Amino acid sequence: MSLVYDYSNPTAIHFGKGQIASIVKHLSKDNKILVVYGGGSIKNNGVYDEVKSALEGFNWIEFSGVEANPSYETLSKAVVLVKEQKVDFILAVGGGSVIDGSKYIAAASLYDGDGWDFLSGTATIEKALPLGAILTLPATGSESNTNAVVSKKSTNEKRFFASPFVSPLFAVLDPSVMSTLSDRQLANGLVDAFVHTCEQYLTCPNTSLLHDGYAETILRGLAKLASTWDNRKDAVWEENLMLLANQALNGFIGSGVAQDWATHMIGHELTAFYGVDHAQSLAVVQPQLLRVMIEQKSEKLAQMGENVFGIKNDNEAVIVAIENMYHSVGVTTNLNDYETVDNKVIENIIPSLEAHGMTAIGENQNITLDICEKILKMAMK
């Protein structure tokens, strides 16, 4: 396939230790800033104090409590606060969930209707408050892309939106803040970044040596980190995960090439219904999706096998290598290993996929509801 694409990434990246102080380059003393964060871990790892120091002399307030899967219900409270306090800049301090939630706040605060309209697809974002991000948990790449995912607890929905209006103006990536992250958080970040790359790579053969080579470099890097999991508290290991996760979904490797995202669409439903971590949902869905679609994806699986894992002429072995990599960092590929999962998975997930219009997904729009059901049954080994 010939490449045709438009690409822009306006986010300024400040990478390295001590870079939180750089945020003042992008802020004005005239701004009314809302600092958005999650459960308060930033107050235990020194990040909050660094932000507070950087914002000395600025006009700012804070909003905490954004969940690991940011909820419409919680974010709506922040939208009310923004409007009441006439906030004009959003500063997200956290992982992908906090940043995604902040994108929602930025857009919904300048919208007269219900911000969920952006998630349901009944409205398009036409403007948003400017925002910046201080990343504390590498995984989603949300710190420098246009995407966001928000959940609605009342209806067990997890939906996504994308808009150039919510691209962060800047992002601080300081790997030293990762030192207090749990093994679960690190593993989730690694798996999430790996699947993000696969969604843009394990599709159709293309003519771009750069796009494929770039994606394979990210995949090899993540596989290397998995194989050196015992070094996960080393500064160099942390630095590489933060770099790789950022590049996995900053928009470039998917520009002009076929993209899949079926694993994500199914995974979102599992998270919405059963509270399975986002990356955990991807790890149970992806291997079985690859098995079901092995013929369609045969050329890219073979290419990945040779260029990433050093496996030749055995696509099932490539899928097993992916599973083993997830297992090596403590992430299961069996949906039944999660206690919240019941015997109504098919009954819950398939109608929800249909209700959300996910009836023909994947790079060729040929992953139907019947195929999704087959994938889910295989994931419940």
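The values are calculated or read from the model by the stated rules, or taken from the named source; none is laboratory data. Not measured: the values here are computed from a predicted model. For neighbour counting, all protein chains shown are included, and Cβ atoms are generated from backbone atoms with ideal geometry for every residue, glycine included.
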Subject >> Residue within the stretch 216-226 that is of a type in the set (Lys, Arg), within 20 Å of the chain's Cα centre (by Cα) and part of a helix (DSSP H, G or I) present >> reply: yes
**OP:** Please verify whether the stretch 132-141 includes one or more residues that are closer than 24 Å to Ile367 by Cβ and not small (Gly, Ala, Ser).
**Re:** yes
Original post:
Restricting to the stretch 288-302, what's the tally of residues that are surrounded by 16 or more Cβ atoms within 10 Å (Cβ to Cβ) and either in a loop (DSSP other than H, G, I, E, B) or not assigned by TED's automatic domain parsing to the domain that holds Ile218 (or both)?
Top reply: 3
Original post:
Restricting to the stretch 19-57, what's the tally of residues that are of a type outside the set (A, V, I, L, M), touching a residue at least 40 places away in the same chain (Cβ under 8 Å) and under 21 Å from Lys77 (Cα atoms)?
Top reply: 5
**OP:** Give me a count of the residues in the stretch 155-184 that are surrounded by fewer than 20 Cβ atoms within 10 Å (Cβ to Cβ), in contact (Cβ under 8 Å) with a residue 12 or more places away in the chain and not acidic (Asp, Glu).
**Re:** 12
Subject >> Some residue of the stretch 144-154 being touching a helix residue (DSSP H, G or I) at 6+ places or on another chain (Cβ under 9 Å), at pLDDT 95 or above, part of a strand (DSSP E or B) and surrounded by fewer than 22 Cβ atoms within 10 Å (Cβ to Cβ) >> reply: yes
Original post:
Filter the stretch 227-241 for residues that are under 20 Å from the mean Cα position of the chain (by Cα) and in contact (Cβ under 8 Å) with a residue 24 or more places away in the chain; which is surrounded by the fewest Cβ atoms within 10 Å (Cβ to Cβ)?
Top reply: Glu239
Original post:
So which pairs qualify, if the first residue must be in the stretch 90-111 and aromatic (Phe, Trp, Tyr), the second must be assigned to a helix (DSSP H, G or I), the Cβ gap must be under 6 Å, and the two must be at least 6 apart or on different chains?
Top reply: Tyr104/Leu75
**OP:** Output yes when any residue across the stretch 69-78 is more than 30 Å from Gly254 (Cα to Cα), within 20 Å of the chain's Cα centre (by Cα) and assigned to a loop (DSSP other than H, G, I, E, B), and no when none is.
**Re:** no
Subject >> Condition met for Lys374 (more than 17 Å from Val276 (Cα to Cα), more than 24 Å from the chain's Cα centre (by Cα) and in the same structural domain as Thr228 (by TED's automatic domain parsing)) >> reply: yes
Original post:
Inside the stretch 303-315, can you point out the residues that are more than 26 Å from the chain's Cα centre (by Cα) and either outside the structural domain of Asn366 (by TED's automatic domain parsing) or on the phi < 0 side of the Ramachandran plot (or both)?
Top reply: Glu306, Ile311, Lys312, Asp314, Asn315
Original post:
Would the stretch 117-125 turn up any residue that is within 20 Å of Ala21 (Cβ to Cβ), modelled with pLDDT of 95 or more, surrounded by fewer than 20 Cβ atoms within 10 Å (Cβ to Cβ) and not hydrophobic (A, V, I, L, M, F, W, C)?
Top reply: no
**OP:** Filter the stretch 186-215 for residues that are part of a helix (DSSP H, G or I) and either small (Gly, Ala, Ser) or free of Cβ contacts under 8 Å to residues at least 24 places away in the same chain (or both) and give the result.
**Re:** Ala187, Gly189, Ala193, Leu209, Leu210, Gly213, Ala215
**OP:** Inspect the stretch 202-211 for any residue being among the hydroxyl-bearing types (Ser, Thr, Tyr) and under 21 Å from Leu91 (Cβ atoms) and give the result as yes or no.
**Re:** no
